[in-house]
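I have placed the structure first, in the form of structure tokens, so that the comments after it can refer back to it.
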Amino acid sequence: MRTFKQYITGLFGGIKSLLSGLSVTWKELWIKKVTQQYPENRDTLVISDRFRAELVMSHDENNEHACTACGICEMNCPNGTIQVISKMTETEDGKKKKELDRYVYDLGMCTFCNLCVITCPSSAIKFTNHFENATFTRNKLVQQLNHEGSKLRAKKKEPISAQPVPKEKE
């Protein structure tokens, strides 16, 4: 059973907590607000470099990528956003080798958790901060990240910097 002293202590503790929260709200009320006039200010809009908006697979000038089709990104994706479809090919010396056929990414299902990028052993994928991905149908959000005819890079190089593909203005 609670004593009268515990009741009063709890009551004043709750009032102190309420006033603390209200003081934060009161201070925030008087801070000058900044309104971004999007989409009119696209040229001057500043988006944080850490903002994750779209997954891309980097390709170099020879249309080569670093993805080895290991499937670790697919296994670590919490909601099945990524599908790594591979095929077995035979090399010149008769050995069988797994090769990336299609890398399918569903932007509409992605939670942008970054687990796929962190666990990729070859740094083949990364998030860009290109955020304008609004569409009228969900199937336009499903993308194939590897280009047609692209192939695995022969030797390990530094990761290619991924540049978002600029979308045409309407």
Selection status of T68, assigned to a strand (DSSP E or B) and assigned by TED's automatic domain parsing to the domain that holds M109: no
Give me the residue from segment 136-164 that is at pLDDT 90 or above and assigned to a loop (DSSP other than H, G, I, E, B) and, out of that set, nearest to C77 (Cα to Cα). L145
Quick test of your reading of the structure: F51 fulfils all but one of (1) over 30 Å from K97 (Cα atoms); (2) touching an Asp or Glu at 6+ places or on another chain (Cβ under 9 Å). Name the failing condition by number. (2)
Does segment 120-137 contain any residue that is over 19 Å from the mean Cα position of the chain (by Cα) and over 15 Å from F51 (Cα atoms)? yes
Mind telling me which of the residues F131, F127 ends up being surrounded by 13 or more Cβ atoms within 10 Å (Cβ to Cβ) and modelled with pLDDT under 90? F131
Name the single residue that is surrounded by the fewest Cβ atoms within 10 Å (Cβ to Cβ) among those in segment 100-121 being hydroxyl-bearing (S, T, Y) and out of contact with any Leu (no Cβ under 9 Å at 6 or more places or on another chain). T111
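The values are calculated or read from the model by the stated rules, or taken from the named source; none is laboratory data. Please read all numbers here as calculations on a predicted model, not as lab measurements. No Cβ is skipped: glycine too gets one built from the backbone with ideal geometry, and neighbour counts run over all protein chains shown.
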